[in-house]
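This report concerns only the one structure given below.
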Number of protein chains: 2
Amino acid sequence: MIDRLCIIGVGLIGGSLARALRSAGMCREIVGVGRQSQRLEGARALGVIDRYETDAAQGVKGADMVVVAVPLGVMQGQFQALQGHLAPEAVITDVGSAKRSVIAAARTAFGHVPRNLVPGHPIAGTEKSGVEASFAGLFEGHRVILTPVSETSAGALGRVRDMWTATGAEVVEMPPAMHDEVLAATSHLPHVLASTLVDVLGTMNEHLEIFRNAAGSFRDFTRIASSDPQMWHDVCLANSDAIAAALRAMMRELDQVATAIEGRDGDTLKALFVRAKALRDQYTGAL
Amino acid sequence: MIDRLCIIGVGLIGGSLARALRSAGMCREIVGVGRQSQRLEGARALGVIDRYETDAAQGVKGADMVVVAVPLGVMQGQFQALQGHLAPEAVITDVGSAKRSVIAAARTAFGHVPRNLVPGHPIAGTEKSGVEASFAGLFEGHRVILTPVSETSAGALGRVRDMWTATGAEVVEMPPAMHDEVLAATSHLPHVLASTLVDVLGTMNEHLEIFRNAAGSFRDFTRIASSDPQMWHDVCLANSDAIAAALRAMMRELDQVATAIEGRDGDTLKALFVRAKALRDQYTGAL
């Protein structure tokens, strides 16, 4: 049970978490923090939050759970703004899709990694953003990865785990570096590929016909290219080494595939498609 | 109206076409042709076809419309098997996802491009294959691209157009080379990217965690990697020049993106994501 939940950044993720915890009866009060009163007033009018502050120091006052749901690029500044204003036993967690950078930001902002900080990442989202797109069921059946470090207290970890479990999510733990490698492969790299593909097609001679005649597979493949550009800019900087490594590995294999297509090397192509189908089908149940 | 429709290759596309035309009351009789009697008997039992032949020469006897729905790799052999057995006014069309190769196959098989041959391609499908996956609504609201050549008779073109219109599809025409460039960009290249991505992830150290923690975006992005490997092998060989050109263009831009990520060049990355989102959003209505 959370007495006063403070959500910093009431967008798709922060807003959906507030809705999910409210409908689970997990919070007595939900305080939203953001920069723009108008947007916060909208969140209040929607019933997502009970009240709001535009000053984070005010917003976290008396909160026993603080969820920092801001873009990775402003995480360090946000931590700095909380310095000295948190209640002694307040638990802090975040929802950033890269974890080593969040831990480094905390170390810089607080001078150490606070024992009540639990780095976290819900593997859920849509290509939309903003509180208007939020909904209580966003995390149901999805994974939330927590990446505690040696400093993290078991009590704080347990409280964050309970919070996410109440949203219907499956909570797992892994080391921050493993999280970043896994997310680079399954989320960040696909996003870079989809955006680059759309961008390349836009430069082609037949780009109007290309988009007009695109099939459902193209729609699925490029949906993520509609996500928030600032967020993805931040992700690419925050997890640059893991994303670059995955992208370079992908490019090495693409070069082999391109050579096979150019050389009409059917055996190599058939073997690729057979391997990929077997892997994809093997994990269809898991996906 | 079609008197006797012969569908050579009663799979997802051939089967769905048969179902759609039957439910539109467009055919008096539907004859299926394939290699395996057992599968054809299954199609007959499902009510997709009225009867079947395993010999194409027998199957096309007396048919006024022949749809060749076989993989691109066996198209030429299939055309050869029809040589001398078609009724004089029979119209032939195909459903292959590369068009210049089909026209070349016809030229080789028949010694010329028959005036009653209308190369065609329905932009519809799922990652499944086989007649069991076929359904009458597959083409509804989807495009069918016809790529007539100078030899093609207007009468044959009109009959194929009418056939596809009856399935609920929107029929458009374009030159074969434009079709192949457009499809390389919107379908063949995404497929190559998705399959290569899945294959690369399968070789990573954390591949079990990678697949276990994959998000919905990954599922959407890689769904097409579950398609029939032989079909995609054939597509890559049949449209190799257009696919290779699109892939090499993609790789050139990926190299710039990788360099930007490695160099933490936020401006370049932000500009990419902004352009891609604008393009994707612009075409969301069209998709």
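The values are calculated or read from the model by the stated rules, or taken from the named source; none is laboratory data. Nothing here was measured: the structure is a model prediction, and the numbers come from that model. Note that each Cβ is placed from the backbone with ideal geometry, even for glycine, and that neighbours are counted across all protein chains shown. Just the protein is used for accessible areas: all its heavy atoms, side chains included, with ligands, DNA and RNA removed. Shrake-Rupley method; radii C 1.70, N 1.55, O 1.52, S 1.80 Å.
Working from Cα pairs under 8 Å separated by at least six residues, relative contact order for segment A:57-155 is 25 percent. Taking only the alpha carbons of the protein assembly as shown, we obtain Rg and Dmax values of 27.5, 90 Å in that order. Summing Lys, Arg as +1 and Asp, Glu as -1, what charge do residues with Cβ under 13 Å from the Cβ of B:Ser101 carry, B:Ser101 excluded? With Lys, Arg at +1 and Asp, Glu at -1, the net is 0. Solvent-accessible area assigned to carbon and sulfur over the protein assembly as shown amounts to 50 percent, based on a 1.4 Å probe. Counting only Cβ charges, +1 for Lys and Arg and -1 for Asp and Glu, the dipole size of the protein assembly as shown around its Cα centre is about 580 debye. Taking 26 Å as the limit for the C-alpha separation, the pairs A:Lys128/A:Lys277; A:Lys128/B:Lys270; A:Lys270/B:Lys99; A:Lys99/A:Lys277; A:Lys277/B:Lys277 exceed it in the case of A:Lys128/A:Lys277; A:Lys99/A:Lys277; A:Lys277/B:Lys277.
Based on C-alpha pairs under 8 angstrom that are at least 6 apart in sequence, chain B has a relative contact order of 17 percent. Of all chain B C-beta atoms, the nearest to the rotation axis linking B with A is recorded, alongside its rounded Å distance, as B:Asp220, 2.
Ranking A:Gln78, A:Gly216, A:Gly32 by Cα position along the charge dipole of chain A, where only Lys, Arg, Asp and Glu carry charges on their C-beta atoms, puts A:Gly32 farthest toward the positive end. Between the Cα long axis of helix A:229-238 and the first principal axis of chain A there is an angle of about 90°, rounded to the nearest 10. Tell me which residues come under 5 Å, amide H to amide H, from A:Tyr52 once H is placed; ignore anything under 5 positions away on its chain. Amide H neighbours of A:Tyr52, under 5 Å, 5+ apart: A:Gly32. The angle between the Cα long axis of helix B:100-110 and the main principal axis of chain B comes to about 30°, on a 0 to 90 degree scale.
If you take all other residues with their beta carbon under 13 Å from the beta carbon of A:Gly137, and give Lys and Arg +1 and Asp and Glu -1, the sum is +1.
Solvent-free Debye calculation, one equal scatterer per alpha-carbon of segment A:135-236: log10 I(q)/I(0) at 0.12, 0.18, 0.22 Å⁻¹ equals -0.59, -1.00, -1.20. Close amide H contacts of A:Val66 (hydrogens built in the peptide plane, cut-off under 5 Å, sequence separation of 5 or more or a different chain): A:Cys6, A:Val91, A:Ile92, A:Thr93.
Looking at the protein assembly as shown, the accessible area is 38 square angstrom per residue; that uses a 1.4 Å probe and ignores ligands, DNA and RNA. For B:His112 and B:Glu173, a Förster radius of 22 Å and the Cβ-Cβ distance give a FRET efficiency of 0.55, rounded to the nearest 0.05. Helix content alone sets the calculated 222 nm mean residue ellipticity of chain B: runs of n ≥ 4 DSSP H residues at -39500 (n - 2.57) each, divided across all residues, give -15000 deg cm²/dmol. Label points for B:Arg252 are taken 7 Å from Cα along Cα→Cβ. From this copy to the others they lie 2.5 nm apart, shortest first.
Each copy carries a label point for B:Glu89 at 7 Å from Cα toward Cβ; from one copy, the others' points are 9.0 nm away, ordered from shortest.
Using the Stokes-Einstein relation with a Kirkwood hydrodynamic radius computed over Cα pairs, the translational diffusion coefficient of segment A:178-284 at 37 °C and a viscosity of 0.692 mPa s comes to 208 µm²/s. Shown here are the Rg and Dmax of the Cα trace of segment A:120-192, at 13.4, 38 Å. Note on segment A:72-209: Cα Rg divided by 2.2 N^0.38 Å, N the number of residues, gives 1.23.
When the charge dipole of the protein assembly as shown is built from unit charges on Cβ atoms (+1 for Lys and Arg, -1 for Asp and Glu) and taken about the Cα centre, the candidate among B:Gln230, B:Ala260, B:Ala246 whose Cα reaches farthest toward its positive end is B:Gln230.
Assuming charge only on the beta carbon of Lys and Arg (+1) and of Asp and Glu (-1), the dipole of segment A:178-284 about its Cα centre is about 360 debye to the nearest 20. Between copies, the label points of A:Ala133, set 7 Å from Cα on the Cα→Cβ line, lie 2.9 nm apart, reported in increasing order to one decimal in nanometres.
Let me know the volume per residue of the alpha-carbon convex hull for segment B:2-174, in Å³. Walk me through the numbers before you get to the answer.
Values: hull volume 16.7 nm³, N = 173.
Looking at segment B:2-174, the number lands at 97 Å³ per residue.
Charged neighbours of B:Ala154, selected by a Cβ distance under 12 Å, balance to +1 (K, R count +1; D, E count -1).
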